[in-house]
Amino acid sequence: MLSLELVVDYPDSKTAEAVMKALDPDNGGYVKSVISGNVITFSIEASNAGTMRNTADDLMACLKTAEEAIGITASH
């Protein structure tokens with residue numbers, strides 16, 4: 001089993017909450033997310049590298065879209 005953890009730091013907790021709420025519907029069953037203040041930690045587990053890459057690519061695309069929608073740009 002492969003695992004990946006992505007930690008994203010935002011300027012404030014309100015921004016982090018908005019991003020997390022935007023991503024929750026897409027992440028169900030594929031990505032676990034935990035918010036702590038202004039930091040979101042995303043965790044992915046996959047049985048092979050191809051699945052891991054596809055899930056991570058999808059997460060990054062959705063993360064970028066969510067950040068653009070609330071008016072911030074990804075600097076991570």
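Computed values, structure above
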{"quantity": "Number of positions in segment 36-76 that are in contact with a strand residue (DSSP E or B) (Cβ under 8 Å, 6 or more places away or on another chain) and either exposed (fewer than 13 other Cβ atoms within 10 Å of the Cβ) or more than 16 Å from Ser3 (Cα to Cα) (or both)", "calculated": "8"}
{"quantity": "Residues satisfying the stated conditions in segment 33-56, i.e. over 10 Å from the mean Cα position of the chain (by Cα) and in a helix (DSSP H, G or I)", "calculated": "Ala49, Gly50, Thr51, Met52, Arg53, Asn54, Thr55"}
{"quantity": "Test: residue in segment 23-33 that is surrounded by 14 or more Cβ atoms within 10 Å (Cβ to Cβ) and in contact (Cβ under 8 Å) with a residue 40 or more places away in the chain", "calculated": "yes"}
{"quantity": "Residues satisfying the stated conditions in segment 12-32, i.e. acidic (Asp, Glu) and either in a helix (DSSP H, G or I) or closer than 30 Å to Gly50 by Cβ (or both)", "calculated": "Glu17, Asp24, Asp26"}
{"quantity": "Filter result for Lys32 (of a type outside the set (Asp, Glu) and touching a strand residue (DSSP E or B) at 6+ places or on another chain (Cβ under 8 Å))", "calculated": "yes"}
{"quantity": "Check on Thr15, surrounded by 13 or more Cβ atoms within 10 Å (Cβ to Cβ), under 10 Å from the mean Cα position of the chain (by Cα) and either modelled with pLDDT of 95 or more or over 15 Å from Ala61 (Cα atoms) (or both)", "calculated": "no"}
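The values are calculated or read from the model by the stated rules, or taken from the named source; none is laboratory data. No experiment lies behind these values; they were computed from the predicted model shown. Here the Cβ is made from the backbone with ideal geometry for all residues, glycine too, and neighbour counts use every protein chain on show.
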